[in-house]
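Visitor: First, the structure itself, so that you have it in front of you.
The values are calculated or read from the model by the stated rules, or taken from the named source; none is laboratory data. Treat the numbers as computed from the prediction; the structure is a model and nothing was measured. Glycine gets a Cβ as well: all are built from the backbone with ideal geometry, and neighbour counts include every protein chain shown.
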Amino acid sequence: MTAHRLEPLINPGSIAILGASADPGRVGGMPFQLLLQHGYKGPIYPINPKYPEISGVRCYSDIESLPGPVDLIALAVGAKDVVPQLRRAAAKGIRSAVVFASGFAETNEEEGKRLQKEFQACVAELGIPVAGPNCMGFANLATHAYTAFASVFRNIEPPKGNHETALITQSGNVCAAVYTLARARGVGFGSVINTGNEASLEFSEYLEYFAEDPGTKTIAGYVEGLRDGERFRRVAARLRDEGRPLILLKIGDTEKGAEAAASHTASLAGSQAVYRSVFEDLNLMMAEDLAHLADLTYLARFKERTAGRRLAILTISGALGALLSDKFVKAGIDIPTLPAEVQTVLRSGIPTYGMVANPVDLTGNVVNQHDFMRDALAALEGTDAVDMILVYAPGYLLERLSPAMIEAAGRSNKLIVAMDTGNARTRGDLEAAGIPVFEDTARGVGALASFAAWSERSRKPARTLDASRPAAKPAADVVLASARRAGATALNEADAKTFVSAYGVPTVPEAAVSSAEDAAAAAERFGFPVVLKVLSPDILHKSDIGGVKLGLGSPEAVRAAYADVVEAARRACPGARIDGAVVQKQEPPGLEVLVGITRDPVFGPVMTVGLGGIFTEVLKDVGHRLLPVDAEAAEAMVRSLRGAPLFGSVRGRPPLDVAALGRTMAALSDAFLASGDAIAELEINPFVVRPEGAGVVALDCLITLSPQPEQSAQEAA
């Protein structure tokens with residue numbers, strides 16, 4: 001469906017340019033000249049009443065003068081003229097449009113927002129695909145269908161024969177920069193797309209178009225924000241399952257970066273941590289900058305080769321071997337010590353002063369005995385101790401070593417990489433044999449580390465979870481229904497724990513009480529010491545207002561505490577509903593963990609786990625994963641934390657019950673999904689994780705409710 005809908009936009013058989021010009025420096029002049037320069041075979045219709053013809057091509061005075069329907073029209077007109085011209089184009093039967101004009105929502109001004117709303121309403125009414133506004137345009141390099149005003153397509157020769165890569169970006173300047181960098185590496189682009197403001201067509205629709213094209217083997221992109229998270233996940237999962245690389249640079253890692261992204265394209269940046277979690281789950285290659293994006297796109301040519309995190313380094317310098325080892329280890333690559341039998345083979349051709357353990361110092365001796373490289377590579381290919389082999393050599397020596405490397409690449413599917421410091425003339429031969437070549441050390445390390453992680457994940461089964469909605473528990477539904485009838489926006493702590501315990505989440509023994517005497521009686525039933533907290537659906541952070549008392553050791557202390565927390569709550573939150581207090585058996589101290597679920601604006605429900613206390617607040621040691629989350633995925637989240645060693649044996653303390661924590665996190669996932677859209681946020685803070693076999697217990701629970709339909713309507717009004 002998407003491929004058919006976008007076909008006239010991305011692969012047009014005829015093109016009209018409204019505002020065409022003979023000046024290639026103008027917005028309407030550049031695409032027209034590119035079409036002529038590169039020999040576009042379809043009909044071209046320049047439209048401009050100022051000219052009878054441009055460069056020998058008949059020019060039309062207006063859209064109505066065109067001889068018939070056209071696949072695509074590029075609108076080089078001002079923002080206020082876009083909608084009227086779109087209507088005229090649709091009336092003429094034109095099937096798609098690209099809008100160059102800026103001055104819409106990206107200005108963040110009222111007039112720009114008004115124009116974009118008008119634009120969106122018009123496009124929805126007309127029913128044709130329209131790219132932009134604020135768009136640089138497209139380039140189909142296989143057919144030379146250019147609607148882009150970018151000089152890179154004029155100055156850089158398009159690829160010949162290889163059009164397997166698509167580039168989709170939400171920035172015109174980034175589009176041009178990545179195209180330039182990647183073409184310098186020999187990447188063969190088929191299409192280059194700048195999406196602009198995406199007022200009509202969203203990034204994921206373009207992604208789906210190329211996913212449906214069997215000729216597109218790799219897709220690279222630059223993302224500021226996605227709007228259709230569900231479509232993105234579906235398409236990215238398809239690419240993952242088909243082994244086609246998807247490589248994205250997503251900005252917004254910092255507050256300023258996210259702020260700049262929003263102001264640049266009026267897009268929703270979302271949580272960068274969630275994006276990274278989604279990207280990893282879908283096995284995307286995540287680029288860190290423009291050069292990294294270009295390098296990963298280059299490496300995607302070698303995706304059939306087997307790569308991984310264990311690397312063998314061959315150099316002619318011990319110092320360079322040490323330097324490269326440092327850089328690779330910092331990038332997450334292992335440099336394992338080679339097995340004894342491999343070292344024996346290497347020692348047969350390497351003097352005693354050269355290292356053979358890894359990195360391997362071939363020494364200058366290889367200059368005179370470069371045939372020894374065949375034996376060295378054969379030994380490394382034959383061992384399971386390494387996944388990749390890197391050869392670092394100056395150009396003249398790399399030329400001598402190339403025959404042995406090419407021969408080795410023909411014997412084994414293990415990735416061999418060349419690091420060239422001297423522009424070897426055999427680069428093309430190496431690449432043709434499946435050996436990527438890098439000249440820049442830092443760029444090579446960064447790209448190989450990302451590619452190795454992608455390749456390694458590609459060989460593992462993809463995570464598949466039951467996407468059906470879990471069955472709701474009657475006891476939990478009763479709690480939600482009661483809160484809805486009362487018009488509550490959140491559950492009080494006791495009701496929240498009743499809700500999660502219905503799904504099997506262990507909670508601390510407690511009782512909700514409405515008087516000091518009842519509190520004292522409950523405390524005596526539990527046994528001292530106890531904790532007492534004010535109970536209110538309107539006070540979510542009770543300790544902040546003095547609403548929590550710990551370590552209460554007598555009935556008198558409990559009575560006094562009840563009066564204190566209720567008074568503190570009334571004083572701090574005079575409008576809050578006070579339901580009394582909750583008395584809890586005070587648990588012994590243990591490792592505290594926060595588990596929460598929120599609704600990401602792009603991708604929907606997402607679970608967060610982190611160590612409690614300062615680890616969450618200060619160190620930001622947290623992990624994220626989209627729901628549903630099963631026990632296996634939950635355990636993986638916990639073990640991915642920087643503080644994961646704290647769950648093991650520490651100073652004689654037995655390991656903690658991570659398995660129980662994983663099962664409980666999966667229960668929370670079920671609870672949230674079973675509630676449909678009723679819950680906005682759910683948080684257990686903290687879980688106390690007990691020793692292995694003893695389980696976990698939730699000490700506090702916060703649940704806020706989504707606005708009811710009538711509330712949402714009032715807020716919108």
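Conditions tested, residue by residue: (1) outside any helix (DSSP H, G or I); (2) buried (at least 18 other Cβ atoms within 10 Å of the Cβ).
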residue	(1), (2)
ALA294	no, yes
THR297	no, yes
ARG301	no, yes
GLU304	yes, no
GLY308	yes, yes
ILE313	yes, yes
GLY321	no, yes
VAL329	no, no
GLY332	yes, no
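Visitor: Would you tally the residues in region 169-203 being of a type outside the set (A, V, I, L, M), surrounded by 24 or more Cβ atoms within 10 Å (Cβ to Cβ) and either in contact with a Pro (Cβ under 8 Å, 6 or more places away or on another chain) or on the phi < 0 side of the Ramachandran plot (or both)?
Guide: Matching residues across region 169-203 total 12.
Visitor: Looking at (1) in contact (Cβ under 8 Å) with a residue 60 or more places away in the chain; (2) surrounded by 14 or more Cβ atoms within 10 Å (Cβ to Cβ); (3) in a helix (DSSP H, G or I), which one does ASP477 not meet, given that it meets all the others?
Guide: (1)
Visitor: Here is a follow-up. Of ALA385, ALA408, ALA378, ALA447, which residue is aliphatic (A, V, I, L, M), touching a residue at least 60 places away in the same chain (Cβ under 8 Å) and within 23 Å of THR337 (Cβ to Cβ)?
Guide: ALA385
Visitor: Determine whether VAL530 is surrounded by 18 or more Cβ atoms within 10 Å (Cβ to Cβ), touching a helix residue (DSSP H, G or I) at 6+ places or on another chain (Cβ under 8 Å) and under 30 Å from GLN708 (Cβ atoms).
Guide: So VAL530 fails the test.
Visitor: Looking at ALA576, ALA516, which one is over 26 Å from ARG690 (Cβ atoms), at pLDDT below 95 and outside the structural domain of SER706 (by TED's automatic domain parsing)?
Guide: ALA576
Yes or no, residue by residue, for (1) of a type in the set (Phe, Trp, Tyr); (2) in a loop (DSSP other than H, G, I, E, B); (3) touching a Ser or Thr at 6+ places or on another chain (Cβ under 6 Å):
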{"site": "PRO351", "(1), (2), (3)": "no, yes, yes"}
{"site": "VAL356", "(1), (2), (3)": "no, yes, no"}
{"site": "VAL366", "(1), (2), (3)": "no, no, no"}
{"site": "HIS370", "(1), (2), (3)": "no, yes, no"}
{"site": "LEU380", "(1), (2), (3)": "no, no, no"}
{"site": "ASP384", "(1), (2), (3)": "no, yes, no"}
{"site": "LEU390", "(1), (2), (3)": "no, no, no"}
{"site": "LEU397", "(1), (2), (3)": "no, no, no"}
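Visitor: Within region 144-177, take every residue that is part of a strand (DSSP E or B) and hydroxyl-bearing (Ser, Thr, Tyr) and give me the one that is nearest to the chain's Cα centre (by Cα).
Guide: If we take residues in region 144-177 being part of a strand (DSSP E or B) and hydroxyl-bearing (Ser, Thr, Tyr), then THR169 is nearest to the chain's Cα centre (by Cα).
Visitor: Something else now. Taking VAL593, is it surrounded by 21 or more Cβ atoms within 10 Å (Cβ to Cβ) and over 22 Å from the mean Cα position of the chain (by Cα)?
Guide: yes
Visitor: What number of residues in region 613-658 are in contact with a Lys or Arg (Cβ under 8 Å, 6 or more places away or on another chain) and part of a loop (DSSP other than H, G, I, E, B)?
Guide: 3
Visitor: Also, I was wondering about something else. Which of (1) surrounded by fewer than 22 Cβ atoms within 10 Å (Cβ to Cβ); (2) within 25 Å of GLU431 (Cβ to Cβ) is the odd one out, the single condition ALA139 does not satisfy?
Guide: With respect to (1) surrounded by fewer than 22 Cβ atoms within 10 Å (Cβ to Cβ); (2) within 25 Å of GLU431 (Cβ to Cβ), ALA139 is out only on (1).
Visitor: A follow-up question, please. Just to verify a result, which residue in region 105-133, among those that are surrounded by 24 or more Cβ atoms within 10 Å (Cβ to Cβ) and modelled with pLDDT of 95 or more, is nearest to SER191 (Cα to Cα)?
Guide: Selected residue: ALA131.
Visitor: Filter region 328-351 for residues that are among the hydroxyl-bearing types (Ser, Thr, Tyr) and over 30 Å from HIS292 (Cβ atoms); which is modelled with the highest pLDDT?
Guide: Top of the filtered list is THR344.
Visitor: Let me ask you something else. Tally the residues that are farther than 19 Å from ASN162 by Cβ and over 19 Å from the mean Cα position of the chain (by Cα), restricting the search to region 195-219.
Guide: Residues that pass the stated criteria total 7.
Visitor: Residues of region 378-401 being farther than 19 Å from ASP429 by Cβ and either out of contact with any helix residue (DSSP H, G or I) (no Cβ under 9 Å at 6 or more places or on another chain) or not assigned by TED's automatic domain parsing to the domain that holds GLU431 (or both), which ones?
Guide: Passing the criteria: only ASP384.
Visitor: Please count how many residues of region 557-598 are without any contact (Cβ under 8 Å) to a residue 60 or more places away in the chain and of a type in the set (A, V, I, L, M).
Guide: Number satisfying all stated conditions: 12.
Visitor: Would you confirm whether or not region 51-60 contains a residue that is touching a Lys or Arg at 6+ places or on another chain (Cβ under 9 Å), farther than 22 Å from GLY127 by Cα and not hydrophobic (A, V, I, L, M, F, W, C)?
Guide: Scanning region 51-60, I find at least one residue that is touching a Lys or Arg at 6+ places or on another chain (Cβ under 9 Å), farther than 22 Å from GLY127 by Cα and not hydrophobic (A, V, I, L, M, F, W, C), so the answer is yes.
Visitor: Considering only residues of region 1-40 that are over 18 Å from MET136 (Cβ atoms) and out of contact with any strand residue (DSSP E or B) (no Cβ under 9 Å at 6 or more places or on another chain), which is modelled with the lowest pLDDT?
Guide: MET1
Conditions tested, residue by residue: (1) farther than 21 Å from ALA148 by Cβ; (2) in contact (Cβ under 8 Å) with a residue 60 or more places away in the chain; (3) among the basic types (Lys, Arg).
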{"residue": "GLY188", "(1), (2), (3)": "no, no, no"}
{"residue": "SER191", "(1), (2), (3)": "no, yes, no"}
{"residue": "GLY196", "(1), (2), (3)": "no, yes, no"}
{"residue": "SER200", "(1), (2), (3)": "no, yes, no"}
{"residue": "PHE203", "(1), (2), (3)": "no, no, no"}
{"residue": "GLU212", "(1), (2), (3)": "yes, yes, no"}
{"residue": "ALA220", "(1), (2), (3)": "no, yes, no"}
{"residue": "VAL223", "(1), (2), (3)": "no, no, no"}
{"residue": "GLU230", "(1), (2), (3)": "yes, yes, no"}
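Visitor: Return the residue satisfying two criteria in turn: it lies in region 533-555 and is modelled with pLDDT under 95 and hydroxyl-bearing (Ser, Thr, Tyr), and of such residues it is surrounded by the fewest Cβ atoms within 10 Å (Cβ to Cβ).
Guide: SER543
Visitor: If you don't mind, another one. Look at region 535-582 and say how many of its residues are more than 20 Å from ILE703 (Cβ to Cβ) and not small (Gly, Ala, Ser).
Guide: 15
Visitor: How many residues does region 36-68 contain that are among the hydroxyl-bearing types (Ser, Thr, Tyr) and in contact (Cβ under 8 Å) with a residue 60 or more places away in the chain?
Guide: Residues that pass the stated criteria total 1.
Visitor: Quick one: which of TYR45, TYR60 is of a type in the set (Phe, Trp, Tyr) and under 25 Å from VAL152 (Cβ atoms)?
Guide: TYR45
Visitor: Please work out which residue is nearest to PRO8 (Cα to Cα), limiting yourself to region 43-79 and to residues that are in contact with a Leu (Cβ under 7 Å, 6 or more places away or on another chain) and either part of a helix (DSSP H, G or I) or not assigned by TED's automatic domain parsing to the domain that holds THR147 (or both).
Guide: Of everything passing the filter in region 43-79, ILE63 is nearest to PRO8 (Cα to Cα).
Visitor: Could you count how many residues in region 633-662 are basic (Lys, Arg) and within 26 Å of the chain's Cα centre (by Cα)?
Guide: Looking only at that region, the number is 2.
Visitor: Condition test on VAL342, is it under 42 Å from the mean Cα position of the chain (by Cα), in a helix (DSSP H, G or I), crowded, with 21+ Cβ neighbours inside 10 Å and of a type in the set (Val, Ile, Thr)?
Guide: yes
Visitor: Before we move on, is LEU207 surrounded by 22 or more Cβ atoms within 10 Å (Cβ to Cβ) and either touching a residue at least 12 places away in the same chain (Cβ under 8 Å) or assigned to a strand (DSSP E or B) (or both)?
Guide: Taking the combined requirement at face value, the residue satisfies it.
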